[in-house]
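The values are calculated or read from the model by the stated rules, or taken from the named source; none is laboratory data. Predicted model only: the values in this text are computed from it and were never measured. Backbone-built Cβ (ideal geometry, glycine too); neighbour counts: all protein chains shown. Surface accessibility is based on the protein's heavy atoms, side chains included, excluding ligands, DNA and RNA. Shrake-Rupley method; radii C 1.70, N 1.55, O 1.52, S 1.80 Å.
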Amino acid sequence: QLVESGGGLVQPGGSLRLSCAASGRTFSRDAMGWFRQTPGKEREFVAGIGRSGGPLYYADSVKGRFTISRDNAKKTEYLQMNSLKPEDAAVYYCAAASNTLRLRGNTADYWGQGTQVTVSS
């Protein structure tokens, strides 16, 4: 099970940190990622991280602003989002997969329920 938290309302230029807590799985064996989706659009890959904390992958739209990380001891992954823009507003999903290649191909084996991020003044 994957449970996201940390979403909410933030002004443009602000920051949020999303968390995803995993249970019932051997967290350290999974590549982890974040995806997002807005109404009427397909879910898109945002960031991915390998089992031991690397390698890291980011969508071009978030490079330099978002940072993905994980703490295998806490079975938790994070997404630090800085310099948020209105176009970053979406439901953000945590995901687990056997490898980062699957994540970058917009595929995952397990999904969280999503957390809403709203960027508005």
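For beta carbons closer than 6 Å, sequence separation of 6+ or different chains, a first residue in the range 1-27 that is over 15 Å from residue 70 (Cβ atoms) and a second that is of a type in the set (Val, Ile, Thr), the qualifying pairs are 7/115; 7/117; 9/118; 10/119; 12/119; 16/10. Residues in the range 109-121 that are hydrophobic (A, V, I, L, M, F, W, C) and in contact with a Cys (Cβ under 9 Å, 6 or more places away or on another chain): 111 only. Check off (1) out of contact with any Lys or Arg (no Cβ under 7 Å at 6 or more places or on another chain); (2) at pLDDT 95 or above for residue 44 and give me the number that stays unchecked. The failed condition is (1).
In the range 57-89, of all residues being under 21 Å from residue 39 (Cα atoms) and charged (D, E, K, R), the one that is least open to solvent (accessible area, probe 1.4 Å) corresponds to 88. Would you be able to tell me the number of residues in the range 1-55 that are open to solvent by 40 Å² or more (accessible area, probe 1.4 Å), farther than 18 Å from residue 107 by Cβ and assigned to a strand (DSSP E or B)? Result for the range 1-55: 5.
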